Amino acid sequence: MKSAFVTVGTTSFEELIAAVTAPETLQVLRSLGYGRLVLQVGRAAAAPAPFRTAAFTLDVFRFKESLAEDLENADLVISHAGAGTCLETLEKGKPLLVVVNEKLMNNHQLELARQLYRDGHLFYCTCSTLLESLKSIDMSTLKPFPPGQPEKFAAFLDRVIGFE
Amino acid sequence: MDALPAVLGAAALLLLLLLTARLLLARRNSSPRTAPLSLLVVAGSGGHTTEILRLLSSLSQSYSPRHYIFADSDKMSEDKIRTFEQKRAETFSNSQFTLNRIPRCREVCQSWSSSVLTTLYSILYSFPLTFRLKPDLILCNGPGTCVPICISALLLEILALKKVIIVYVESICRVETLSLSGKILYYFSDYFIVQWPALKEKYPKSIYLGRIV
């Protein structure tokens, strides 16, 4: 059974938590074959209660030292627009749906999410379009994200400094 | 706060002075440096440390020792650096590094005027540190801390104490606009690297090598 992971980063994004745990959303997730939803809720005032039924499991936590394991175990990542999470998710080759916090519209972090969307590496939506996006988006059309090339930086530095 | 205009004036004057000095100083001669080359690395929270460690990961043994500078409140960066250096020591037996803490330059919600004051304070604090370490090269990617460090490195150069190469790598997060540190250090760095083509177009002096983190 597939698993979806939702992460809001170091602050809180209660609208996203509410949108993703709304009954209609859970139903759509189930119909898409997801049997497990894991929420990282950050500083949210009220966190939803975890539950486990035969067909569906909801796990909730606030913070963890590293999200690497949760990202690794996920078949779909739904995330805030934080650059660190976006890059880490794409590097692990996981399908990513970024949910833009409209209250932070001028945040420079959006620059990166928008560009990665233009380049076909992720999809993005807002809380109000999350349900529609989950129904209509075909994650298999996303392009793989090639790793960065620090060796090009090293070669450049060696050259300008005069190391051979 | 009556002293504020005077402080702002002094800060502007200092920047102007540095900029003039920068323009007047002869363009670096390209005489090759000899290894090893000591490196001053400015780390910082919010992904800066992760990015800069990735850049360091590909550098050869010739870049040693590595002197790390980070804000005294930034425990997370310290942990990441220690882990990185531990791993590196497994590959390179004579790997050397130091950890150096300085007061944080600009807290996230601080207003601009008092951030000028703390920046001046940070310059005063940074100069003895930069003077003591006398690095051959400074590598930074945008945390507020890197501005005073680079300015004190320029002071070293103006005082003819040491010629420091400043390499600035703008964060991968910056696609269309530079960070505040980037906007300032665009004028003071020897090599200003951006990671998206849109920035290269806007800032012609910058260098684009593709995505390097």
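The values are calculated or read from the model by the stated rules, or taken from the named source; none is laboratory data. Fair warning: this is a prediction, and the values are worked out from it, not measured in the lab. As a convention, Cβ positions derive from the backbone with ideal geometry for all residues, glycine included, and neighbour counts pool all protein chains shown. In case anyone asks, the SASA skips ligands and DNA or RNA and just uses the protein heavy atoms, side chains included. Shrake-Rupley method; radii C 1.70, N 1.55, O 1.52, S 1.80 Å.
Details
- Residue within segment B:71-83 that is more than 12 Å from every other protein chain (Cβ to nearest Cβ), at pLDDT 95 or above and not in a helix (DSSP H, G or I) present: no
- Restricting segment B:156-170 to residues that are in contact with an Asp or Glu (Cβ under 7 Å, 6 or more places away or on another chain) and facing another protein chain (nearest Cβ under 8 Å), the residue that is surrounded by the most Cβ atoms within 10 Å (Cβ to Cβ): B:VAL167
To keep it simple, each residue is scored yes or no on (1) without any contact (Cβ under 8 Å) to a residue 24 or more places away in the chain; (2) within 22 Å of A:LYS135 (Cα to Cα); (3) loosely packed, with under 14 Cβ neighbours inside 10 Å.
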site: A:PRO23; (1), (2), (3): yes, yes, yes
site: A:LEU26; (1), (2), (3): no, yes, no
site: A:GLY33; (1), (2), (3): no, yes, yes
site: A:ALA44; (1), (2), (3): no, no, no
site: A:ALA55; (1), (2), (3): no, yes, yes
site: A:LEU76; (1), (2), (3): no, yes, no
site: A:ALA81; (1), (2), (3): no, yes, no
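- Residues (farther than 28 Å from B:PHE192 by Cα and open to solvent by 30 Å² or more (accessible area, probe 1.4 Å)) located in segment A:106-126: A:PHE123, A:TYR124
- Residue in segment A:146-154 that is of a type in the set (S, T, N, Q), within 14 Å of another protein chain (Cβ to nearest Cβ) and open to solvent by 10 Å² or more (accessible area, probe 1.4 Å) present: yes
- Elements of type helices (runs of 4 or more DSSP H) in segment A:95-164, at least 1 residues being out of contact with any Asp or Glu (no Cβ under 7 Å at 6 or more places or on another chain) and within 20 Å of A:HIS80 (Cα to Cα): A:109-118, A:130-136
- Residue satisfying all of: in segment A:3-21; among the hydroxyl-bearing types (Ser, Thr, Tyr) and at pLDDT 95 or above; most open to solvent (accessible area, probe 1.4 Å) among these: A:THR21
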